[in-house]
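For reference, the structure is listed below as structure tokens.
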């Protein structure tokens, strides 16, 4: 237990030292600020309240996905199935609701249950059957993708109800901002909940598990439970993201495609280390905001949207390389000896 | 531990790349367009460098920045397709899938089959988008008609799931089996599938190609609607006719590099270039509603958008909603005969047109196979009519498709087939 606490204290010291350039959450917010400044030169109307609200609507699902992905990544795993899950959930919702307002709530509950089930399966296969999460969730991605195609015969059918579309599309009419989107309200709730969760003992155990699985286990954490919960959280967040995306734009056959990639890019951009144990949920959220702002900037600069996958690829490699460079630095002498000890042991 | 982390990170990066390949836009998003796309390949034979194709005034009048995709523009094909729109097709008016524009009849007596119960084989590129799904259902129902009448015995199908190699091996399997009495091929891509189609022809079986084409004319008939230039022109001309000079038009495209989609856009550029309209730009959306809505919203933040040109109807409702949600007036819009768009059009009463890439073409290959077995003549290139749905006949088509799902295509042409409407509803 002491080991874990001290390691965490070491982490805190490090992030405090290099908050801006250390590849932690500070860096991503500096980057976000920079992108905003550039956008303001290109097109100042972006910062008018209605435009910002529109931006909030678009970015909300990505932030939710990034939060979910953060739980999994910080625990030392990876979840590739979220994009397919979003697609599957929207298609399921459209098919089951089929335009009937009265079915909205039952279908929503069913979606959450389905999301939790998918996360549970991902988690249990990874932790109990010891299949690498990369393979588990890659498999789940394909299974969901294929199953939805099979079930719908290749194309989504049915329609979403107006009520279902409200969270992603509607809002409260206000002066100044024109409309306060529900998506923003929902986003704030989840952001606060995620921060609270990471401050709770569960959050601390989650990070400890990702940092050093064995140490966490010795200090009494049930690693498989902690990780499985992270997968469930990720899938449930993906479900809420699906509600927002489906609400925002309705059903198309392409919905959800490539979102796992965007979510992972956002998380690593936020300074969260692939492999677990390092990074903050606020950083992951910042990563999502930054990624979406970057895409907005691309749009404002009239770059073709086909550049996005390439940009994501560059970001993910650069962020991982940056984080690797950070970690290969000699450990600062101000850090507690124990932390350094565990660090060097884990290197060998 | 650290080593394993680095490994994990590396593995993650590889997996990401893989997952990007398997699920990211470029591949999958290609489908809607792909599928809708076919025609131009028929013309591959007369492809000329466009400089020779005689650049007209319209071209010069246009904004040069908009003409960078000239590789995709063959003026002779463009003009022929535009002219074909005005040609009265031969054949029964109430059965457009049997009509042919300017047909060049070819003799098929060598393939005439004495007995019924023929085996029909079909190598399908994929059913990976709503347009193909709709057509595939129609085709199966058409086959049922001829199974009941005894013309077709067995109907064998292979689905290549958009994989060229898979389809080449599918076709080879049909050839090797040697018991297909006719082989229908809906090619996945043009150049790659050409040798496979050639091999099928050489085996002596009558080959019918439809939708996308191949670079050979060995098949008995090649079936396709007029084509991409006509589609793009229908949409662009409507915007030109219905917008004031100087109005701003935004073009939403699915993805680059697919011939038919490029032809749609090339035709639109040609027409916009000669008009007074101001083309704000074009955006690739992958046909994804969320991206479309986001892009349109951003354009609206920067200024007015008076018209929307789309190279396929996927996600057109999301584009319209972007105007609603930002409190802007509806644009003049060219969508497609997809029902979600047509219903939105009726609901809102906006000024719109639905260009059509005739989905009923999925019936024609089956009809052609039966004609060939009967020794009847078929057109060597079977150009089907391709008429946009306008406000005048919109409600009629919506009534006919009232119970159909929203990702169904109005001109699917299967109303008289067995199983209507249930099989199209429960897909």
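The values are calculated or read from the model by the stated rules, or taken from the named source; none is laboratory data. Everything quoted here is computed from the prediction, not taken from an experiment. Cβ: placed from backbone, ideal geometry, glycine included. Neighbour counts: every protein chain shown.
For region B:329-340, check the following and say yes or no: at least one residue is more than 14 Å from every other protein chain (Cβ to nearest Cβ) and without any contact (Cβ under 8 Å) to a residue 12 or more places away in the chain. Among the residues of region B:329-340, at least one is more than 14 Å from every other protein chain (Cβ to nearest Cβ) and without any contact (Cβ under 8 Å) to a residue 12 or more places away in the chain, which makes the answer yes. For region B:108-139, a residue qualifies if it is assigned to a helix (DSSP H, G or I) and surrounded by fewer than 18 Cβ atoms within 10 Å (Cβ to Cβ), and the qualifying residues are B:109, B:110. Selection over region A:293-322 of residues that are over 30 Å from residue A:204 (Cα atoms), within 9 Å of chain B (Cβ to nearest Cβ) and at pLDDT 85 or above gives a count of 3. For region B:139-170, the set of residues classified as within 13 Å of another protein chain (Cβ to nearest Cβ) and closer than 20 Å to residue B:367 by Cβ consists of B:140 only.
Here residue A:149 clears all of (1) within 23 Å of the chain's Cα centre (by Cα); (2) within 10 Å of chain B (Cβ to nearest Cβ) except the condition numbered (1). Please indicate, with yes or no, whether at least one residue in region A:24-32 is buried (at least 18 other Cβ atoms within 10 Å of the Cβ), modelled with pLDDT of 95 or more and more than 26 Å from residue A:220 (Cβ to Cβ). Checking region A:24-32: not a single residue is buried (at least 18 other Cβ atoms within 10 Å of the Cβ), modelled with pLDDT of 95 or more and more than 26 Å from residue A:220 (Cβ to Cβ). Would you confirm whether any residue within region B:411-418 is assigned to a loop (DSSP other than H, G, I, E, B), within 25 Å of residue B:86 (Cβ to Cβ) and more than 14 Å from every other protein chain (Cβ to nearest Cβ)? Within region B:411-418, one or more residues are assigned to a loop (DSSP other than H, G, I, E, B), within 25 Å of residue B:86 (Cβ to Cβ) and more than 14 Å from every other protein chain (Cβ to nearest Cβ). Being farther than 18 Å from residue A:237 by Cα and either modelled with pLDDT under 90 or under 26 Å from the mean Cα position of the chain (by Cα) (or both) is a property that does not hold for residue A:182.
In region A:266-292, what count of residues is obtained for those that are more than 8 Å from chain B (Cβ to nearest Cβ) and over 29 Å from residue B:317 (Cα atoms)? Adding up the residues that qualify gives 17. Inspect all residues belonging to region A:219-238 and state whether any of them is in contact with a helix residue (DSSP H, G or I) (Cβ under 8 Å, 6 or more places away or on another chain), within 11 Å of chain B (Cβ to nearest Cβ) and over 25 Å from residue A:261 (Cβ atoms). No, region A:219-238 has no match at all.
For region A:19-115, the helices (runs of 4 or more DSSP H) that sit wholly inside it and include 3 or more residues that are within 12 Å of chain B (Cβ to nearest Cβ) and in contact with a helix residue (DSSP H, G or I) (Cβ under 7 Å, 6 or more places away or on another chain) are A:49-74, A:82-97. A residue that is over 30 Å from residue A:302 (Cα atoms) and surrounded by fewer than 18 Cβ atoms within 10 Å (Cβ to Cβ) occurs nowhere in region B:226-239.
Name the single residue that is nearest to the other protein chains (Cβ to nearest Cβ) among those in region A:168-213 being out of contact with any helix residue (DSSP H, G or I) (no Cβ under 8 Å at 6 or more places or on another chain) and assigned to a helix (DSSP H, G or I).
A:185
Listed residues B:235, B:191; which is modelled with pLDDT of 95 or more and either closer than 24 Å to residue B:126 by Cβ or in a helix (DSSP H, G or I) (or both)? On inspection, the qualifying residue turns out to be B:235.
Would you check if residue B:414 is surrounded by fewer than 17 Cβ atoms within 10 Å (Cβ to Cβ) and touching a residue at least 40 places away in the same chain (Cβ under 8 Å)? No, not satisfied.
Residues of region A:60-104 that are modelled with pLDDT of 95 or more and surrounded by fewer than 24 Cβ atoms within 10 Å (Cβ to Cβ): none at all.
Given the structure, is residue B:266 part of a helix (DSSP H, G or I) and closer than 30 Å to residue B:132 by Cβ? Taking the combined requirement at face value, the residue satisfies it.
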